[in-house]
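Input: a single structure, listed below in structure tokens.
Coordinate-derived values only; no laboratory data. Keep in mind it's a predicted model, so treat the numbers as computed, not measured. Backbone-built Cβ (ideal geometry, glycine too); neighbour counts: all protein chains shown.
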Amino acid sequence: QGLYSSVVCPGLVMSNMTYRILPVFLWKLLMPIMWLVSESPAWFWAVTHSTAGRTSLCCSSQVWVFKQKPEYLDSLVKYHSCTSGLGRCYVEARKMDVDEDTAEKFYQKLLELEEQ
């Protein structure tokens, strides 16, 4: 039917949705650490550190996937937003631990439900 689905990970993005994951008091303890990570020079952190608080680095995987021809993307891969040790943004494809037979059975069941 020409519909495609891709799984992407934007990195760590602080938003109002993020605050629902943990109790507020834990976020108050974690925020200084998150700020420190987000404001430190990129070369200071590991090659694939999260993009916490850096809106200019966030969501590069979504933009990259959007610009691709969907029929060429691997549906069993999760695309991650990453940053190199020198601050260069890139997208890394990581194979998901998904059983292809189970995924196909699930897809067929969805098609059956759609017909009903």
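How do the peptides 95-105, 70-80 rank, highest first, by the average count of neighbouring beta carbon atoms within 10 Å per residue?
Numbers: 95-105: 10.2, 70-80: 14.3.
The densest-packed peptide leads the list: 70-80, 95-105.
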Long-range HN-HN contacts of CYS89 with modeled amide H, under 5 Å: SER84
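Local charge sum around LEU3 (other residues, Cβ-Cβ under 15 Å, Lys/Arg +1, Asp/Glu -1)? Before the final figure, lay out each step's value.
Values: positive: LYS69; negative: GLU71, GLU114.
Cβ neighbours under 15 Å give a net charge of -1.
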Karplus-derived HN-Hα couplings along segment 65-81 (A = 6.51, B = -1.76, C = 1.60, θ = phi - 60°), whole Hz, x at Gly and Pro: 4, 4, 7, 8, 6, x, 5, 9, 7, 7, 6, 9, 10, 10, 9, 9, 7
Backbone HN-Hα couplings from phi across segment 94-111 [Karplus 6.51/-1.76/1.60, Hz, Gly and Pro as x]: 10, 4, 7, 7, 10, 7, 5, 5, 5, 4, 5, 4, 4, 4, 4, 5, 4, 5
Over 24 Å (Cα to Cα) - which of LYS78/LYS105; LYS28/LYS95; LYS69/LYS105 fall in this group: LYS28/LYS95; LYS69/LYS105
